[in-house]
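Beneath this line is the structure, given in structure tokens, with notes to follow.
We did not get these values from a lab; they are worked out from the coordinates using the rules stated. Being a predicted model, the structure only gives us computed values, none of them experimental. Here Cβ is always computed from backbone atoms with ideal geometry, including for glycine, and neighbour counts include all displayed protein chains.
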Amino acid sequence: MSDRPLTPGPAVADSHALRDAARGTAVVVNCAGPFQETAVPVAAAAAAVGAHYVDITAEQAAVQAVYRSQASLGRPGDVAVVPAMAFYGGLADLLAMAAVTGWEAVDEITVAYGIDRWWPTEGTRNTGRRNTAARLVVDGGRLVRAPRPAPERVWEFSEPLGRQTVAGNPFAEIITMAQHLAASKISAYLTTVALDDIHDPATPAPQPVDEAGRSAQLFIVDVILRRGQEERRISARSSTPQRS
């Protein structure tokens, strides 16, 4: 990173200004959604000046757009362009990569996001309103439209979440896994209590509970890989939040 003072960022339509902003940096971290609008121009600007690019999108269409743009435009071999390296996307993908060791192919990967609540930021709500792209899953080794209505099932998370109803809700992890994992099926589920929060316009924004600005949210992410009769399960979870 450079030590230049922070200044208001350029418009994403101004490619020259974006390159000027990225020039002299080692890594550009894009946290500005909706990423369908920002990811490709910011990634292209970063790659053009030799800076690595990372973003935190959960938007499937944005990840696909970044992959397509890099394939068509090309980039230096020593520059990394990595979308979706955050909770929805990168975390489940990394868990699957750890669990798949020794297997060349997988019959099925299932991701279950257990969240006790989802208090959305205004940015999350804006992205939801503007992200109208069809959700995708992997079936038969291909990206296809996710089934509608979304399937529901009961999932046994570890405590303190325990047994929860989850609904099909694929995020960016479907696209990133499909890019590099040989799996016949990939699907993802989210606890319905979290979906109810998102769908309720009265749900408040998250409130910080510590000096780092973190919210008091519990999560458990389970990833199950199946090959024939063999099954592997790997999980990640939050620490117990300290509510003030």
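For region 9-82, applying the loop criterion from DSSP together with a ceiling of 15 other beta carbons within 10 Å to the trypsin sites (Lys or Arg not before Pro) yields Arg23. Taking other residues whose beta carbon is less than 14 angstrom from the beta carbon of His180, and scoring Lys, Arg as +1 and Asp, Glu as -1, yields -3.
Residue-wise HN-Hα couplings along region 100-107, as the Karplus relation 6.51 cos²θ - 1.76 cosθ + 1.60 with θ = phi - 60° gives them from phi, are 7, 3, x, 9, 7, 8, 10, 6 Hz; Gly and Pro carry x.
Hand me the GluC sites (Glu not before Pro) from region 92-162 located in a DSSP loop with no more than 12 other Cβ atoms within 10 Å, in residue order please. Mind dumping the intermediate values first?
Numbers: sites: Glu104, Glu108, Glu122, Glu152, Glu156; in loops: Glu104.
Answer in residue order: Glu104.
Against the chain, whose longest principal axis comes from its Cα atoms, helix 60-73 is set at around 40 degrees.
Would you mind classifying region 103-237 by shape? Square roots of the alpha carbon gyration tensor eigenvalues, ordered a ≥ b ≥ c; an a/c under 1.5 is rounded, otherwise it is prolate if a/b is larger than b/c and oblate if not. Verdict is prolate for region 103-237.
The helix-based estimate of mean residue ellipticity at 222 nm for the chain, built from -39,500 (n - 2.57) per DSSP H run of four or more residues and divided by its residue count, is -8500 deg cm²/dmol to the nearest 500.
Take Thr121, Thr38 and order them by how many other Cβ atoms sit within 10 Å, fewest up front.
Thr121, Thr38
Below 8 Å between Cα atoms, with a sequence gap of 6+, how large is the relative contact order for the chain in percent?
Details: 474 pairs, mean separation 48.9, N = 244.
RCO, the chain: 20 percent.
When the alpha carbon coordinates of region 15-82 are projected onto the principal axes, the ranges are 29, 22, 18 Å, largest first.
Amide hydrogen proximity for Gln217: with H placed 1.01 Å from N in the peptide plane, no residue at 5 or more positions away or on another chain lies under 5 Å.
A Förster distance of 35 Å, applied to the separation of the beta-carbon atoms of Ala32 and Ala182, puts the FRET efficiency at 0.55. P(r) for the chain, from all Cα pairs and a bin width of 5 Å, is 1, 6, 12, 16, 18, 16, 13, 10, 6, 2, 0, 0 %, short bins first.
Note down the magnitude of the dipole of the chain about its Cα centre, charges +1 on Lys and Arg C-beta and -1 on Asp and Glu C-beta and zero elsewhere, to the nearest 20 debye.
Numbers: 23 positive and 26 negative charges, 82 e Å.
It works out to roughly 400 debye.
Distances over 17 Å make up what percent of all Cα-Cα pairs in region 124-200? The partial results should precede the final answer.
Numbers: 1564 of 2926 pairs.
In whole percent, the long-distance tail amounts to 53.
Once you reduce region 33-108 and region 165-244 to the center of their Cα atoms, the two points are 18 Å from each other. The GluC sites (Glu not before Pro) found in region 169-244 that occupy coil by DSSP, while having at most 10 further C-beta atoms within 10 Å, are Glu211.
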